[in-house]
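Peer 1: Here you go, one structure.
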Amino acid sequence: MERLQLEVAEIFRRHGSAYRQQHAGSLSRGQRRVMSALERCRTAALGGHLEECDSCGHQRPAYNSCRDRHCPKCQSLARAQWLEDRQAELLPTPYFHVVFTAPGQIAAIAYQNKAEVYSILFRAVAETLRTIAADPKHLGAEIGFLVVLHSWGQNLLFHPHLYCVVPGGGLSPDGQRWIACRPAFFLPVRVLSHLFRRLFLEYLQTAFDTGKLQFFSSLERLRAPGAFAQHLAPLRQTEWVVYAKPPFWGPEQVLNYLGRYTHRVAISNHRLLDIDNGRVSFHWKDYRDHDRQKTMTLEADEFIRRFLLHVLPDGFQRIRHYGFLAHRYRQAKLARCRQLLGVGITPVAREDKPDYRDLYEKLTGKSLRDCSLCHCGHMVTIAALPPSDRAPPLNTP
């Protein structure tokens with residue numbers, strides 16, 4: 001018998017109420033909203049519609065999604081649609097993958113000041129890449145790139161870092177030539193690391209000086225200028241991690257990579273192994289132990305705490321585009337890049353927004369209309385299901 005797919009939402013349904021009571025004073029409004037969204041996702045609480053097979057008469061309810069960006073179940077369709085939009089923007093050049101990581105001493109400050117420090121992280125990374133790429137000693141070109149924020153490690157602890165995907169070249173300063181990177185080499189990571197460190201610490205100091213940082217609990221001492229300066233002093237001497245992977249050599253590789261990182265949440269449902277006796281077990285990869293696959297078991301309270309570490313500030317954009325891929329210039333500059341690379345532009349036809357089931361089948365190859373009982377009929381909507389005031393039922397074993 002096939003094992004039922006475990007879900008992060010089930011952990012919140014079973015243990016979320018107790019967690020709210022125990023941590024009422026420390027939960028943010030955003031964290032409460034995420035908890036509620038996951039608990040109600042695709043349950044009667046959100047309403048939906050009733051479907052019936054036009055062949056065998058089998059009926060099934062189809063409940064609405066929460067569409068929260070932290071929900072593992074709601075990302076596949078969003079990811080597939082986003083990737084389809086990006087496919088038209090790919091250039092016939094190798095793509096590089098560069099990762100910028102903030103040191104652990106910064107992570108604690110970032111957690112208490114997410115919006116401010118995340119913004120500093122994006123700004124420092126973008127300026128670093130654009131500055132070094134524009135330097136004639138390295139590339140001498142305007143590059144375009146996409147940046148994605150992740151705040152977690154495989155063990156769900158707080159670990160903010162940025163993934164960057166960059167075409168291997170850029171536009172000359174006068175816009176008349178495409179300047180390609182050297183084969184299998186983008187930019188020197190040590191040079192990137194040093195500039196990233198300097199810019200980030202400068203912007204962080206400015207944020208402190210202008211009163212944009214807040215400190216409480218274990219970091220309350222950093223409110224004093226001397227203590228803050230002392231906290232940052234060792235970071236000016238240590239090496240900051242900037243990692244560049246070998247380049248991707250085809251558009252399919254680029255899209256596969258983007259699909260793994262752009263709409264990922266802290267932990268996906270397929271990594272869950274067991275939810276039993278108030279404990280949660282899941283797979284994780286230990287990068288410090290030769291990438292070995294291991295099993296971690298946490299109390300449900302600790303699992304929820306770690307998951308909620310990664311709730312984003314309201315309205316914060318975790319996927320951003322820079323250089324010739326920036327939204328303001330993308331259409332014109334991509335067209336110029338394609339012209340210089342000798343690639344024709346394929347016009348994209350504008351279509352009315354399709355039904356979500358048609359879109360899902362187009363993007364994933366799986367049909368939501370097929371009857372799961374007879375496998376020959378199609379499910380047809382026969383009634384609307386209004387939202388229910390009842391709490392989602394617990395799927396206890």
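The values are calculated or read from the model by the stated rules, or taken from the named source; none is laboratory data. All values derive from a computational prediction rather than experimental measurement. Glycine gets a Cβ as well: all are built from the backbone with ideal geometry, and neighbour counts include every protein chain shown.
Peer 1: Name the residues in segment 283-337 that are more than 23 Å from the chain's Cα centre (by Cα) and assigned to a loop (DSSP other than H, G, I, E, B), would you?
Peer 2: HIS290, TYR329
Peer 1: Of the residues HIS263, HIS270, which is under 27 Å from ARG33 (Cβ atoms) and exposed (fewer than 13 other Cβ atoms within 10 Å of the Cβ)?
Peer 2: Exactly one of HIS263, HIS270 is under 27 Å from ARG33 (Cβ atoms) and exposed (fewer than 13 other Cβ atoms within 10 Å of the Cβ), namely HIS270.
Peer 1: If you go through segment 88-122, how many residues are in a loop (DSSP other than H, G, I, E, B) and of a type in the set (Phe, Trp, Tyr)?
Peer 2: Counting residues in segment 88-122 that are in a loop (DSSP other than H, G, I, E, B) and of a type in the set (Phe, Trp, Tyr) gives 0.
Peer 1: Report, by residue number, each residue of segment 157-175 that is without any contact (Cβ under 8 Å) to a residue 60 or more places away in the chain and closer than 18 Å to ILE143 by Cβ.
Peer 2: Answer for segment 157-175, where residues must be without any contact (Cβ under 8 Å) to a residue 60 or more places away in the chain and closer than 18 Å to ILE143 by Cβ: SER172, PRO173, ASP174.
Peer 1: Can you find a residue that is loosely packed, with under 15 Cβ neighbours inside 10 Å, under 29 Å from GLN317 (Cα atoms) and either in contact with a Lys or Arg (Cβ under 6 Å, 6 or more places away or on another chain) or modelled with pLDDT under 95 (or both) anywhere in segment 58-65?
Peer 2: no
Peer 1: Identify, from the list SER193, SER218, the residue that is without any contact (Cβ under 8 Å) to a residue 60 or more places away in the chain, in a helix (DSSP H, G or I), within 17 Å of ILE106 (Cα to Cα) and assigned by TED's automatic domain parsing to the domain that holds GLU116.
Peer 2: Testing whether each residue is without any contact (Cβ under 8 Å) to a residue 60 or more places away in the chain, in a helix (DSSP H, G or I), within 17 Å of ILE106 (Cα to Cα) and assigned by TED's automatic domain parsing to the domain that holds GLU116 leaves just SER193.
Peer 1: Out of everything in segment 222-253 that is modelled with pLDDT under 90 and within 17 Å of LEU162 (Cβ to Cβ), what residue ends up being surrounded by the most Cβ atoms within 10 Å (Cβ to Cβ)?
Peer 2: Selected residue: ALA244.
Peer 1: Using the structure shown, decide if THR128 is of a type in the set (Ser, Thr, Tyr), surrounded by 16 or more Cβ atoms within 10 Å (Cβ to Cβ) and either within 30 Å of ARG223 (Cα to Cα) or touching a Phe, Trp or Tyr at 6+ places or on another chain (Cβ under 6 Å) (or both).
Peer 2: The answer is yes for THR128.
Peer 1: Which count do you get for residues in segment 338-376 that are in a loop (DSSP other than H, G, I, E, B), modelled with pLDDT under 85 and not small (Gly, Ala, Ser)? Explain how you work it out, then say what you get.
Peer 2: First pass over segment 338-376, keeping only residues in a loop (DSSP other than H, G, I, E, B): 341-355, 365-369, 371-376.
Restricting the remaining residues to those that are modelled with pLDDT under 85 gives 343-355, 365-369, 372.
From what is left, the residues that are not small (Gly, Ala, Ser) are 343, 345-348, 350-355, 366, 368-369.
Adding up the residues that qualify gives 14.
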